Every structure is written in C-alpha cells, then in structure tokens.
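The values are calculated or read from the model by the stated rules, or taken from the named source; none is laboratory data. Everything numeric in this text was worked out from a predicted model, so none of it was measured. Quick reminder, even Gly has a Cβ in these numbers, built from the backbone with ideal geometry, and neighbours come from all protein chains shown.
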Amino acid sequence: MKVLVTGGAGFIGSAVVRRLVRHTDWQVVTLDKLTYAGNLESLAEALDHPRHRFHRADICDRVAVDRILADEQPDAILHLAAESHVDRSIDGAAPFIQTNIVGTWTLLEAALAYWRGLSGAAQDRFRFQHISTDEVFGSLGADGLFSEETPYRPNSPYAASKAASDHLVRAWHHTYGLPTLATNCSNNYGPYHFPEKLIPLIIIRALRGESLPVYGQGENVRDWLHVEDHAEALQAVLERGRIGETYNVGGRGERRNIDVVQGICALLDELAPDAQGRPHARLIAFVTDRPGHDLRYAIDPARIEREIGWKPRHTFESGLRETVRWYLDNRAWWERVMSGAYRGERLGLGT
C-alpha cells in the first residue's frame, strides 16, 4: 500500500508519517509546503527511509498535485495540510481561507480526476481521508459531548474554514462518488508540537522563567488526545472505516486550561526544579480572554471505539508526563523553532 500524507511535516502529519514508517510495510509519500509550522526535523527518522519520499508543494497548486499523484500513484490520501492556529486566524483569516478551503477543493478535484483514471482493484482500493477538528461544532455548555450528528456552529475563522472543508469532502463523496473518510479530533498534544499551542508554549516559557499566560480565569475546557494515539486512530480508520462515514476521535481527557497549566508546573517542579526551589506556578498570569473563546469542547468517541475498535493508549496524566519529558530532552529542537518566525508572542487579540 502507498499513502500520500498532505501536511506530513506538521505536528499531526509527522506523527502519522513516523507511525506508518515504523509500524507498517507501506510506502509513504509526504507532501508539505513547509510553512512556519512545517518542520523537516519532525520527519528526521523518515526522510532517508527507503519507503518514504518527500515532495515540497502547495495543495493549492493543481499542477503540482496532479504531477505528484501521477508520479506516485497512491492508494490513499490522508489530508492533514491546514492552517491550524485559532489566534492566527483571528489576526488574519486569508491564509486559512486559501489553504483550508481552496486547498481542500483543489486536492479534491485532483483526487477525483486521479481516482476516475484508475481501474479495477486500484479504483476499489482508493480512499480520500480528511482530517478535521472538533472546533467545527462550536462551544458546549457544562454538559454533553460532540457526536458525529452534532450540528456545525464554528465560532472562529479557523473553525469556519475547517467546517467548509468538511462540507466539501462530504459533497465530493455524495455528488461524485469519491470514496471518502473523515475524522474530527479533539485537541492534540505530544512530541514535536509547534510552540504556539498551549502545552508546549507553557512548558517552554516555564523553562525560561517567563510568565505563563492563561486566558480569562482558565475555565475553558478542552478534551486532550495524545498525537500518537491520534495517528494510530487515523491508520485504523483508513484500514477499517466505512466509505462516506465520519468518526470523532477523542481521548476522553477533558481538562480545564488552568488545570493543564498547573499540571505542567507540577511536573516541571519535579523533573526540572527551579534553581531557587520556587514553584513554577508562580509564573501563571491571567490575561484578557481570546475574542469568541469557546467555553468547552468534548468528543464522544463511541463510534470509533465500537466500529473500528480503537481506544487511546495514553491517559492524559501519562501523556502529559511523557510530553514534558520530551521537551526537556529535546531542547535543541524547540530552540531552533523558537529562533525562527515564532517567538512566543501573543496572537489573536483581534485588533
């Protein structure tokens, strides 16, 4: 089997590529534009592997996508390429509209033409798998979970762009018969996470002795999923998912943001204590909330557990400890990232 992974140098995409190279005999092709969040170092173990090839290309470039599909002849496309940071979408929505909507449309058109040109078993085998987010569903109250039947109510430019891409994938299946699969996941965390996201940002700022910004009073709730569990789920859906179906992927790991930050501080107190013995939690600083900040996300993963047989291997506690340890052991990776375009500045003020 040969799989093309778009966005394969990003956080989740690179975890998928690493998993497929490690745990299958499949051939893996990575397509990535290498924006600020794409990092070839996240693919270090795969780049020179005999079953992996890398193409630097933009999913909005139809000519390039057509050429890669013709040259590589994949059996499946795992579509993870996306602009993904809510705060960046608040500051400027244009890249999110272009990549997440126009790029997905371009990729769907290319995939449809490619699939129609296949014959026999190759056409029957082909899958287009789209990876999305729980943010398309909007905000939950204190109770309830997002299911696959939850209405879409996106509240940020990022979420709206992903909702649009989800609808395009659904339409290309129902209108043109393209054999699609789709997943909506909860918040990911783990190794190689770009430092603008909550968990790596807090770890790095705490190690530097800098303030730890927490929106509002930290009461917003997210449902956390270890990225390696997510990668395993995506492989399982590709292998066993029903064509045209959507699966919610969640780790049953609901936590308030303030609890996540305090948990990181406690782990750093244990694993990398302050030279003066001061608690890292002293650095927590509550800041003005993000505009339109959704209160709570929580995924009901019952369908994927029941139909696919997937469950996460990490608890949030074990996964967070592993993640903090990884950032302690891989300082050179994140220091090189932080020395580039992103330096931990506050984004998403909406001004």
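Some notes on this structure:
- Figure legend. Inter-residue proximity from the range 51-68: first residues free of Cβ contacts under 8 Å to residues at least 24 places away in the same chain, second residues assigned to a loop (DSSP other than H, G, I, E, B) and of a type in the set (Gly, Ala, Ser), beta-carbon distance below 6 Å, spacing 6+ or different chains. Indicated pairs: 64/57.
- Residue within the range 188-197 that is assigned to a strand (DSSP E or B) and under 22 Å from residue 269 (Cα atoms) present: yes
- Residue that is farthest from the chain's Cα centre (by Cα) [pool: residues in the range 124-177 that are basic (Lys, Arg) and assigned to a helix (DSSP H, G or I)]: 125
- Tally of residues being surrounded by 19 or more Cβ atoms within 10 Å (Cβ to Cβ) and touching a Leu at 6+ places or on another chain (Cβ under 7 Å) across the range 239-256: 5
- Which numbered condition residue 79 misses (of (1) more than 29 Å from residue 136 (Cα to Cα); (2) modelled with pLDDT of 95 or more; (3) within 21 Å of the chain's Cα centre (by Cα)): (1)
- For residue 72: the one exception among (1) touching a residue at least 60 places away in the same chain (Cβ under 8 Å); (2) surrounded by 21 or more Cβ atoms within 10 Å (Cβ to Cβ): (2)
- The range 202-226: number of residues that are out of contact with any strand residue (DSSP E or B) (no Cβ under 8 Å at 6 or more places or on another chain), surrounded by fewer than 22 Cβ atoms within 10 Å (Cβ to Cβ) and either assigned to a helix (DSSP H, G or I) or free of Cβ contacts under 8 Å to residues at least 60 places away in the same chain (or both): 3
- Looking only at residues in the range 50-59 that are of a type outside the set (A, V, I, L, M) and under 16 Å from residue 32 (Cβ atoms), the one that is surrounded by the fewest Cβ atoms within 10 Å (Cβ to Cβ) is 56.
- Hits in the range 118-156 - residues which are in contact with a Ser or Thr (Cβ under 6 Å, 6 or more places away or on another chain) and within 23 Å of residue 107 (Cα to Cα): 128, 131, 134
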